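Remarks on the structure that follows.
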Amino acid sequence: MSDSLIGKDVIAALAASAAGLHGADGNPRVKQVVNRLLVDLMVAIDELDISMDEFWTGIAYLTQAGKQNEFGLIVPGVVLEHFLDLRLDEAERRAGITGGTARTIEGPLYIAGAPLSKGEARLDDGTDDGQVLFMEGQVRDILGKPISGAIVDVWHANTMGNYSHFDPTQAAYNLRRRIETDEEGRYRFRSIMPSGYACPRGSQTEKLLKAVGRHGNRPAHVHFFITSPGHRKLTTQINIDGDKYLYDDFAFGTRSELIPVVEHVSDARKIDQAGLNKPFARIRFDFTLAKSAIAAPTTIVNREHAEAA
Ligand code: MBD
Ligand code: FE
């Protein structure tokens, strides 16, 4: 690292001017954030002696990432989405909110408006002959009371690690459903065992990961939003135990509390009872929601979500 060429006072003055701090117009929060990020960026450029070519390579990288709509993938890949979770965890701890199911990142592949059904659903359309997976459980509050009428919004990849909507070969909303819990707070679904996701070949995300010597794989997982009036929204995932990438997730989403036992059922009678003709897997997982609180930041995240046609 070479010595810096520009004084910190000069950088501060340039950033303040560029962020409009000397005028009354504009959005004060935007001005505050832009000022800070400009200071931090100029200090980094100066102290790391970032060359013009390096700088413009970075801008070209980001431009292409934007064209390819990849920021939603780069953000978890560079740990920022997990970092936001850690901050929310700590804010909740300080507000005295404890006992809920662990949260983990949403990721970029949620599609709003999946078909809604009561109590149970089948997520797959029967065209993927992956292992059948039954998953069920109960949604409860932190006192252990079942929450009926909660919405379990679930989405996951197919056996190729691909998500419907983003993968045009799958039907709309394949492997995506919303299930309303029954009177006992229970949900239940049939689906197929997902495979892990891998960042697309040739993507900007993959290029960055390669440049820092990392891979772009996630362990197999199932995503959830759990919502119920009067309770804090839960954004989480479960990971499939035994996956090669279980504790080596490029997106930093794995949490040990979110790795349920996967029961592999090969007993002929049980297979028959399930109406199947080959072994299947079963996962039981309960969700615990914290009560709504005004003392802590909201868990409702407003970000752009597509909806299938
Ligand atoms: C995924 O399926 C995912 O969940 C995340 C966080 C990033 C990329 C793909
Ligand atoms: Fe995912």
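The values are calculated or read from the model by the stated rules, or taken from the named source; none is laboratory data. This one's a predicted model, so the numbers in the text were calculated from it and none came from an experiment. Positions of Cβ are generated from backbone atoms using ideal geometry, with glycine treated the same way; all protein chains shown enter the neighbour counts. Heads up: the accessible areas ignore ligands, DNA and RNA and are worked out on the full protein's heavy atoms, side chains in. Shrake-Rupley method; radii C 1.70, N 1.55, O 1.52, S 1.80 Å.
A 1.4 Å probe over all protein chains sorts HIS264, HIS156 by accessible area into HIS264, HIS156, starting with the largest.
Mind checking the per residue accessible area of segment 79-289 for me, 1.4 Å probe, whole number of Å²?
Value for segment 79-289: 47 Å² per residue.
Between segment 38-78 and segment 182-198, the C-alpha centres lie 38 angstrom from each other. If you line up the long axis of helix 8-18 against the longest principal axis of the chain, both from Cα atoms, how many degrees apart are they, to the nearest 10? Approximately 70 degrees, to the nearest 10.
Largest accessible area first, the residues ASP49, ASP249 order themselves as ASP49, ASP249 under a 1.4 Å probe with ligands, DNA and RNA left out. Ratio of Rg to Rh for segment 20-108: 1.08 [Cα atoms; Kirkwood radius as inverse mean 1/r over pairs].
The solvent-accessible area of ASP129, taken with every protein chain present and a 1.4 Å probe, is close to 130 Å². In the chain, a dipole from Cβ-located charges (positive for Lys and Arg, negative for Asp and Glu) runs towards its positive end, and of ASN69, PHE224, VAL33 it is PHE224 whose Cα lies farthest in that direction. Of all the accessible heavy-atom surface of segment 1-146, with the other protein chains kept in place and a 1.4 Å probe, what percent is carbon and sulfur? That share works out to 60 percent. Considering only GLY119, LEU234, ALA24, the residue lying farthest towards the positive end of the dipole of the chain is GLY119, judged by Cα position with unit charges set on Cβ.
Computed about its Cα centre, the charge dipole of segment 182-277 is approximately 480 debye, with only Lys, Arg, Asp and Glu carrying charge at their Cβ. Rounded to the nearest whole Hz, the Karplus-based 3J(HN,Hα) values (6.51 cos²θ - 1.76 cosθ + 1.60, θ = phi - 60°) of segment 252-263 follow the sequence 6, x, 6, 9, 4, 6, 10, 10, x, 5, 9, 8, with x at glycine and proline.
When DSSP beta bridges are restricted to pairs lying wholly in the chain, around 65% turn out antiparallel.
Under a model in which nothing but the beta-carbon of Lys, Arg (+1) and Asp, Glu (-1) is charged, the chain shows a dipole of about 760 debye around its Cα centre. Largest first, the three principal axis extents of the alpha carbons in the chain are 76, 44, 36 Å in whole numbers. Going by a ≥ b ≥ c, the root eigenvalues of the Cα gyration tensor, does segment 171-309 fall in the rounded group (a/c under 1.5), the prolate group (a/b larger than b/c) or the oblate group? Oblate is the answer for segment 171-309, as a/c is 1.5 or above yet b/c matches or exceeds a/b. Relative to the dominant Cα principal axis of the chain, helix 28-47 is inclined by about 70°.
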